[in-house]
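Undergrad: Here it is, the structure, as structure tokens.
The values are calculated or read from the model by the stated rules, or taken from the named source; none is laboratory data. Not measured: the values here are computed from a predicted model. Quick reminder, even Gly has a Cβ in these numbers, built from the backbone with ideal geometry, and neighbours come from all protein chains shown. For the accessible areas, the whole protein counts, side chains as well, though only heavy atoms, and no ligand, DNA or RNA atoms are used. Shrake-Rupley method; radii C 1.70, N 1.55, O 1.52, S 1.80 Å.
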Amino acid sequence: MTQERKRGFEVITSYQDKAIQLPQRATHHAAGYDLEAAETIVKQWIHAKPTQKEPAEDPQRLLKPTLVPTGLKVYMQEDEYLQIVNRSSNPLKRFLQVPNGVGVIDADYYNNPSNEGHVYVQLSNFGLFDQTIQKGERIAQAIFLPFLKADGDHGGQAAREGGFGSSGHHQQ
């Protein structure tokens, strides 16, 4: 008799050969699973010099977060979501923050057609120096949580098509 899969992490296809570690909880009573960077990334200081791709006249470039790949996708029950939160040491020691406060990964993000459900962590650097995030470095925590629905809720009519902001398309 096989046990039904309820929730967990898998390595996405394009990262299968990159030695990605599945998230673990650090202690027996920890709520969050530690997410690691799947690649080495340099997060520039917000006032860093412009690059050729980002001209100096673009003021939004100064505050734009960096998407750090995890190489993971996540599966869960339809009445659950994965909450991505900052590690407590990131702001204090590294001047890194999750700019939206909390990331939300919906159950229908798993295996979506645009990116296989690849989970990224958004990070902003509010410090005075560039920060290098090494491959395998813990960058955030992931917590599985249930959610409640309002009376009469029947859910959205659209199917998920992509990643960031893809569930927010509404007709006006």
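Undergrad: So which residues in segment 70-88 are assigned to a loop (DSSP other than H, G, I, E, B) and of a type in the set (Lys, Arg), if there are any at all?
TA: Arg87
Undergrad: Just give me the residues in segment 121-147 being assigned to a loop (DSSP other than H, G, I, E, B), open to solvent by 40 Å² or more (accessible area, probe 1.4 Å) and modelled with pLDDT under 95, in sequence order.
TA: Phe126, Leu128, Phe129, Asp130
Undergrad: Any residue in segment 56-64 that is modelled with pLDDT of 95 or more and of a type in the set (Gly, Ala, Ser)? Working first, answer last.
TA: Restricting attention to segment 56-64, the residues satisfying the condition of being modelled with pLDDT of 95 or more are none.
No, there is no match, as no residue in segment 56-64 is modelled with pLDDT of 95 or more and of a type in the set (Gly, Ala, Ser).
Undergrad: Restricting to segment 8-36, give me the number of residues that are open to solvent by 90 Å² or more (accessible area, probe 1.4 Å) and assigned to a loop (DSSP other than H, G, I, E, B).
TA: Within segment 8-36, residues that are open to solvent by 90 Å² or more (accessible area, probe 1.4 Å) and assigned to a loop (DSSP other than H, G, I, E, B) number 6.
Undergrad: Still on this model: Tell me, which residue of segment 90-120 that is aliphatic (A, V, I, L, M) and in a strand (DSSP E or B) is modelled with the lowest pLDDT?
TA: Filtering segment 90-120 for residues aliphatic (A, V, I, L, M) gives 92, 96, 98, 102, 104-105, 107, 119.
If we keep only those that are in a strand (DSSP E or B) too, we end up with 96, 104-105, 119.
On the way: Leu96: 92, Val104: 96, Ile105: 97, Val119: 98.
Filtering segment 90-120 for residues that are aliphatic (A, V, I, L, M) and in a strand (DSSP E or B), the one modelled with the lowest pLDDT comes out as Leu96.
Undergrad: While we're looking at this one, here's another question. Kindly indicate whether Ser124 is of a type in the set (S, T, N, Q), free of Cβ contacts under 8 Å to residues at least 60 places away in the same chain and farther than 15 Å from Tyr81 by Cα.
TA: Here the answer is no, as Ser124 does not meet what is asked.
Undergrad: What pairs can you find where one residue is in segment 11-26 and more than 22 Å from Ile143 (Cα to Cα), the other is surrounded by 11 or more Cβ atoms within 10 Å (Cβ to Cβ), and their Cβ atoms are less than 7 Å apart, with a gap of 6+ or different chains?
TA: Here the result reads Thr13/Glu116; Tyr15/Ala38; Tyr15/Gly71; Lys18/Ala38; Lys18/Gly71, each pair linking segment 11-26 to a residue that is surrounded by 11 or more Cβ atoms within 10 Å (Cβ to Cβ).
Undergrad: So which residues in segment 67-82 are open to solvent by 30 Å² or more (accessible area, probe 1.4 Å) and either without any contact (Cβ under 8 Å) to a residue 24 or more places away in the chain or not aromatic (Phe, Trp, Tyr) (or both), if there are any at all?
TA: First pass over segment 67-82, keeping only residues open to solvent by 30 Å² or more (accessible area, probe 1.4 Å): 67, 75, 77-79, 81.
Matches in segment 67-82: Leu67, Gln77, Glu78, Asp79.
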